[in-house]
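Report on the structure given below.
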Amino acid sequence: MRPLNLLYVDDDPDMHDLAGAALALDPEMTITFASSGEEALSILSRFHPDGVLLDLVMPGMDGLTVLEEMRKMPGHAETPVVFVTGHSHAVTLQELRALGGKGAVTKPFDPRFLAKNVRMFLGA
């Protein structure tokens, strides 16, 4: 397995803790966290991760808006995105892929399989 640097974007600090612990099960993953869309875009202005885990529903700037703005940034037109959502019924996986997502993880997720699923979606 190759090392992966990821950006995890979610407004819920409990999800940061859970995802951080789950992704740490893969010793080849390094995770940077952002608590809002605005913070994510600021981080992405100076960081080029191997992939972004992006919550769809956040106050202020939602995940789809973050993705749209991210795609305009130098070096991020093709950065892989995996959506994280508790609202899987609102947007289908097919719609998310059409928007440029590599896949989606539904909350609550099983922490034992998060890293494996992320690697599968990113082809890593």
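Of the candidates A40, A21, the single residue that is modelled with pLDDT of 95 or more, surrounded by 13 or more Cβ atoms within 10 Å (Cβ to Cβ) and assigned to a helix (DSSP H, G or I) is A40.
Within region 67-124, if we keep just the residues that are surrounded by 15 or more Cβ atoms within 10 Å (Cβ to Cβ) and among the hydroxyl-bearing types (S, T, Y), the residue that is modelled with the lowest pLDDT turns out to be S88. Of all residues in region 4-29, those that are free of Cβ contacts under 8 Å to residues at least 24 places away in the same chain have Cβ atoms under 8 Å from Cβ atoms of residues that are crowded, with 17+ Cβ neighbours inside 10 Å and of a type in the set (F, W, Y), 6 or more apart or on another chain, in H16/Y8; H16/F33; G20/Y8; G20/F33.
The values are calculated or read from the model by the stated rules, or taken from the named source; none is laboratory data. Everything numeric here is computed off the predicted structure, so don't read it as measured data. Neighbour counts run over all protein chains shown; Cβ positions are idealised from the backbone, glycine included.
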